[in-house]
Structures are given as C-alpha cells and as structure tokens.
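Written out below as structure tokens is the structure these notes cover.
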Amino acid sequence: MNGKHHVMVIGAHCGDAEIQAGAIAHKYAKAGHEVTFLHLTAGEKGNPTHISVEDYREQKIKEAEKAAAILGAKSITLGYKDAELKEDEETVTAVAKLFRELKPTIVITHWVNSMHPDHALCPKITQAAWLKAALPGFDIDGLPPHSLSRMLHSENWEDMQGYEPDIYVDVSEEFDTYLEALSQYWFIMNSTSFRYYDYYKALGTMRGCLMRTTYGQTLKFPIGSNTRKGSSIPGFEL
Ligand SMILES: [Zn+2]
C-alpha cells in the first residue's frame, strides 16, 4: 500500500492507545502520515483519592492531548463513561461517524480478550463501526461511506490472554519519545496498582530482544484475517 496513511489507534481509556501503539504511531507520524488517538472514555474512575472523578476526567483529557502532541498525533476523547462502555447502536454509530469524517485507513485497537470489559468491547465496537461506516445504505448525517483497509490489535497488559504477536515493528528510534509521551500520564508514573512505566519500558525492550533490535512494539491480526487463499503456497509460487 502506497501513499498517505491515516493510522487511528482506538483505546478504551485515555492512555491505552498510547501505551499499546504509541511508538509505532510516532514512527508513522514522523514519516508524514496522519495519526489519531481515539479514546472512547477518559478512564476517569481510576482517579487518585485526592481528585474527584469529574476533575480526573478533565486531567486525563489534558494528559492525552499532551501525549498526542509529543507523538505527533491528534487526540479525541469521547464522552462515554469509564467502566460503562456498551456496544450499542449509539456508540457504534458515533465511531462510524468519526470513520466517515476522519477517514482512517488502518485502525489499531485492543485484543479481543481482556480482564477489563471496556477493553474487550473496543474491537467489537470498531468492527461494527467499520461495517456501518462502509455501508452505503447506512445514512449518518449524509456523510459519504468510508471503509478501513485494515484493523489490527496491539499489546496491553490487561489483554494478554491468547495474545501472541504476528507483527513486530522496530521502534528503536521512537522509543525515547514514546516514554516521554507516557510520562505525561499521572497513572502511568504514579499508579500503586500496576507499574505501568516499568512494564512498558521492559516490554519494548523484550520485544526488541526478540526481533534483534533495541526496542520493538507488536501487533496482531484479527482471528481468521491472516488466512491466504490461492493456487499455491504464498512465496512459493508454482
Ligand atoms: Zn484501559
């Protein structure tokens, strides 16, 4: 695929999209491609005790904007409530409308298995929105249909059941900027429930070891979408 791509990373909560694919996204942004982080909720219920849920929501939206600016991307936070995400008509149509307006070519989102229900709903919402955005017969404010070229999953510590990477991307040159972007988030640096910063720095190092580069970040095809059909074995044509 040639030309300009629009990479959209869709996360359940502000911070998810960046930790999962921030280094890959930055690599594309640096090369002149458009990158958008779409957060379906702010993830406001992980608020520290001294900040209200409402104030933490505002804080996370600002943190997301700072992280996106560092990575060369745009940040959009929708108004759905943390831990209350639904795969319903309204949510799917809202995401489909964004697909028609912003025209992403590739979307990266959570893996299908997760300990967090909001995370597990993201690929379902994305897939349903892809179909609706592409269907000419589905009217959304008169916007022209738009189809994604590909959807991929990416790596999040809460979504690891059955996640085995299919694609490793060398992000050695992007990793310092990625860590700087992550450090904009209070929860990544200060959470007492999980060592986010340490984990993602170690994960990028480990993935880099496995692909024999300094740092790596991974992606996974949706189940069944890496199937090839043809007259011979791909790469071993008759
Ligand atoms: Zn999350």
- May I ask you to verify whether Ala64 is within 16 Å of the ligand (Cβ to nearest atom) and not in a loop (DSSP other than H, G, I, E, B)? yes
- Do you know which of the residues in the stretch 5-35 that are assigned to a loop (DSSP other than H, G, I, E, B) and without any contact (Cβ under 8 Å) to a residue 40 or more places away in the chain is farthest from the ligand (Cβ to nearest atom)? Gly32
- Item | In the stretch 36-59, the residues that are within 16 Å of the ligand (Cβ to nearest atom) and assigned to a strand (DSSP E or B) | Phe37, Leu38, His39, Leu40, Thr41
- Message: Can you tell me which condition Ala69 does not meet? The list is (1) small (Gly, Ala, Ser); (2) under 25 Å from Trp130 (Cβ atoms); (3) not in a loop (DSSP other than H, G, I, E, B), and all the others hold.
- Response: (2)
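In the list Ala42, Ala96, Ala23, which residue meets the criterion of being under 20 Å from Leu148 (Cβ atoms), modelled with pLDDT of 95 or more and crowded, with 23+ Cβ neighbours inside 10 Å?
Only one candidate qualifies: Ala96.
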- Message: Can you say whether Asp176 is free of Cβ contacts under 8 Å to residues at least 40 places away in the same chain and under 18 Å from Tyr196 (Cβ atoms), as far as the supplied structure shows?
- Response: yes
- Task: Kindly provide the set of residues from the stretch 99-131 that are buried (at least 18 other Cβ atoms within 10 Å of the Cβ), over 18 Å from Pro222 (Cα atoms) and either among the basic types (Lys, Arg) or away from the ligand (no atom under 16 Å from the Cβ) (or both), ordered by number.
- Result: Phe99, Arg100
- Query: Do you know which residues across the stretch 186-196 are surrounded by 17 or more Cβ atoms within 10 Å (Cβ to Cβ) and within 17 Å of Glu155 (Cβ to Cβ)?
  - Reply: Ile188, Tyr196
- Counting only residues that are within 15 Å of the ligand (Cβ to nearest atom) and surrounded by fewer than 18 Cβ atoms within 10 Å (Cβ to Cβ), which one in the stretch 80-93 is farthest from Glu18 (Cα to Cα)? Glu84
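Do we find that Thr77 is within 14 Å of the ligand (Cβ to nearest atom) and not hydrophobic (A, V, I, L, M, F, W, C) in this structure?
yes
The values are calculated or read from the model by the stated rules, or taken from the named source; none is laboratory data. Here the structure is a predicted model, which means the values were calculated and not measured. Cβ: placed from backbone, ideal geometry, glycine included. Neighbour counts: every protein chain shown.
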